[in-house]
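Undergrad: Got a structure here, written out as structure tokens. Questions coming.
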Ligand code: SF4
Ligand code: SF4
């Protein structure tokens, strides 16, 4: 049985979770191709035009694996942390419904509903439903999900040592190093959602450009989870979205971190949660006098535009240091 | 203590009543207008939704005029509304205002109210009586509004109907007892009826969307008025009082959501925050109860409504009901909206005409 997984949104953050889950169930995984112009165009075609670019891309990726898989995995991810008021962006929660509404000719969707706040009974019911779809016993599904969670935990630990997801997964097999850097490199915290930071097409090669400029990059995944929880205490109220919380907390962690020269917040044009996240980070950075720049991505973001902005920001930091 | 709160349709009436009965001074911002919008937009994050911008405008305006306490509703997501208060607080403080901020979170509601009562120095009794009086006013005003919109397209003199409504609402707002409210509401309702003129029945559309945009005419470009002008009867799906009854009272909540989920089945399978489920529910139920069209209004970056917008397209196809979507932000041009409403109205009238001829 072939399960199609779209390479976006939850893919980057939870890749090992999904992979282990389906391997454990004995399914074959087909991941959609890397984001490209073609995928984006398809996404624009299927999604409403008020949607943000990641959601459009998701539609494109679903289309991309549509004819190569028996099932398409569109999880309804509600809560993976067990924190009470925390879920995901409403667009994540309604993803299955969006895809179902606008893309008629698809293989059946695997809409696994994951809410770890729920009681055992409700979860069991969900395993049963999924089991029915796949023709497997609920016990087997529950077992696979538990081992998947373990895999995710060890992956997280690896991430906090400073590797981006692609590399962290490779590291599960072999050890790869971080590229060599100048002796006192400029250190930037690049904060934003994993599906923006690690998708080279959407962010117009932002990360690679920074690497090439000889900059040390820190990302939200590199902050140990315990530190994030400590930072959370300083905020008036937790945000309601898992990824957003991670971004805000890690940004505050980095603002406090004396190694960090500046903060880059990467956001999608029109992103709802980020209107709050961005303001929180901006106010905090302003108070502490840490340089901060917002980079907003949309369908028309070009490599040249990003490069100019990054260069201007880095030059400003060099100037502050007295290197220019 | 000088207390203030942002506008949302008629909620200023019960709140004003509540605080005045408790002898607390109230600062009410002017009704939403371009000044409020400008003020809010200037200090809001760019992508926040229009409701936030207007609310921020309201609060900043009142703070400028000497308010020292801001009261707002919190919430537990997953839409942005629950964080509005805190963000607003941070922005206003960053601008140098100093004030007490009361955020009514569902989880700490009892404690908050107790503290408030202690601060004001009134008894529970007085508080409850004032609250009840306010609530009755809200119900009366919403009932009258509903009546007004069903009568307006049939009205002989629309301007006059509007004046009648305004006067009646002002009267209700000034009442000091429940019987007074009742008679004021009845008088208003009769006056609206008397302006009605007998004609063929006009097309009816359900206006769906999030609560703020629906109940705040400034933020929806006065869509209901535009529809009525074109001879279409608008029917707002959520009124504030109805929402409080359905979604806040614990004994109604479950039944309401069960019903909503049953209607939304196959379209939206889960509660995804904001008013997406309500929107889908009302869209499906109005398609099934013989409405001629649906108008969907929502703020541009509203996450839940973007999901429901995509789902509504499917509903439109499957239930064969025309839908007009209006994404609203601060740059919206009035003329653009007018043209779209005109075109939509023409479509509905044409359809209705055909049906009538075929009968
Ligand atoms: S968090 Fe922002 S970018 Fe991500 S899906 Fe939601 S609105 Fe889009
Ligand atoms: S429902 Fe939409 S408009 Fe209302 S607060 Fe949430 S995101 Fe903003």
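Every read-out reported here was derived from the displayed coordinates using simple, explicitly stated rules and does not represent laboratory data. Quick caveat: nothing in here was measured; it's all calculated off a predicted structure. For neighbour counting, all protein chains shown are included, and Cβ atoms are generated from backbone atoms with ideal geometry for every residue, glycine included.
Undergrad: I want the antiparallel fraction of DSSP beta bridges within chain B, as a percent rounded to 5. Working shown, then result.
TA: Details: 1 of 26 bridges.
Just about 5 percent of them are antiparallel.
Undergrad: Using alpha-carbon pairs under 8 Å, 6+ residues apart, how would you state the relative contact order of segment B:223-309 in percent? Please list the in-between numbers first.
TA: Details: 50 pairs, mean separation 18.1, N = 87.
Here the relative contact order equals 21 percent.
Undergrad: How high is the relative contact order of segment A:201-321? Use alpha-carbon pairs under 8 Å, at least six apart in sequence, and give a whole percent.
TA: Numbers: 100 pairs, mean separation 35.4, N = 121.
Normalised by residue count, the contact order of segment A:201-321 is 29 percent.
Undergrad: Still on this structure: Suppose R0 equals 25 Å. What FRET efficiency, 1/(1 + (r/R0)^6) with r the Cβ-Cβ distance, do residue B:334 and residue B:195 give to the nearest 0.05?
TA: Using R0 = 25 Å, I get an efficiency of 0.45.
Undergrad: Once the Cα atoms of helix A:10-24 and of chain A are each reduced to a long axis, what angle between those two axes, in degrees from 0 to 90 to the nearest 10, is obtained?
TA: On a 0 to 90 degree scale, this one is about 30.
Undergrad: Among B:225, A:18, rank each residue by its count of other Cβ atoms within 10 Å, from fewest to most, as a rough exposure measure. Can you show the working numbers first?
TA: Numbers: B:225 17, A:18 21.
Arranged by neighbour count, lowest to highest, B:225, A:18 become B:225, A:18.
Undergrad: Counting partner chain Cβ atoms within 10 Å of every residue's Cβ in B:82-94, what's the average?
TA: Numbers: counts 5, 12, 1, 2, 6, 7, 0, 2, 5, 2, 0, 1, 5.
Per-residue shielding by partner chains comes out at 4.
Undergrad: Something else: How would you order B:144-154, B:205-215 from highest to lowest mean count of nearby Cβ atoms within 10 Å? Don't skip to the answer; put the middle values down first.
TA: Numbers: B:144-154: 20.5, B:205-215: 26.1.
Going by the mean number of other Cβ atoms within 10 Å, highest first, we get B:205-215, B:144-154.
Undergrad: What ranking do A:31, A:74, B:244 get, fewest neighbouring Cβ atoms within 10 angstrom at the top?
TA: B:244, A:31, A:74
Undergrad: Also, I was wondering about something else. Quickly estimate the mean residue ellipticity at 222 nm for the protein assembly as shown, helices only: each DSSP H run with n ≥ 4 gives -39500 (n - 2.57), and the total goes over all residues, rounded to 500. Each step should come with its number before you reach the end.
TA: On the way: 29 runs with 376 residues, N = 683.
It lands at -17500 deg cm²/dmol.
Undergrad: Could you please tell me the mean projected area of the C-alpha convex hull for segment A:2-157, averaged over all directions and given in square nanometres to one decimal?
TA: Details: hull surface 36.3 nm².
Result: 9.1 nm².
Undergrad: While we're on this one: Contact order normalised by length for chain B, with contacts defined as Cα pairs under 8 Å and 6 or more residues apart; what percent is it?
TA: Numbers: 528 pairs, mean separation 59.5, N = 359.
Relative contact order here is 17 percent.
Undergrad: Additional query: Quick check on the exposure proxy: order A:98, A:222 from fewest to most C-beta atoms within 10 angstrom.
TA: Values: A:98 27, A:222 17.
Exposure proxy ranking, most exposed first: A:222, A:98.
Undergrad: What nm distance separates the two modelled labels at residue B:356 and residue A:315, each placed 7 Å from Cα along Cα→Cβ?
TA: 6.9
Undergrad: Roughly how crowded by other chains is peptide B:265-275, in terms of the mean Cβ count from those chains within 10 Å of each of its Cβ atoms? Walk me through the intermediate numbers first.
TA: Details: counts 0, 3, 3, 7, 8, 9, 3, 12, 9, 2, 0.
Going residue by residue through B:265-275 and averaging, the value is 5.
Undergrad: Further question on the same structure: Inside 10 Å of the C-beta atoms of A:268-280, what's the mean count of C-beta atoms belonging to other chains? Don't skip to the answer; put the middle values down first.
TA: On the way: counts 1, 3, 6, 3, 13, 8, 5, 11, 9, 2, 4, 10, 5.
Mean partner-chain Cβ count within 10 Å for A:268-280: 6.
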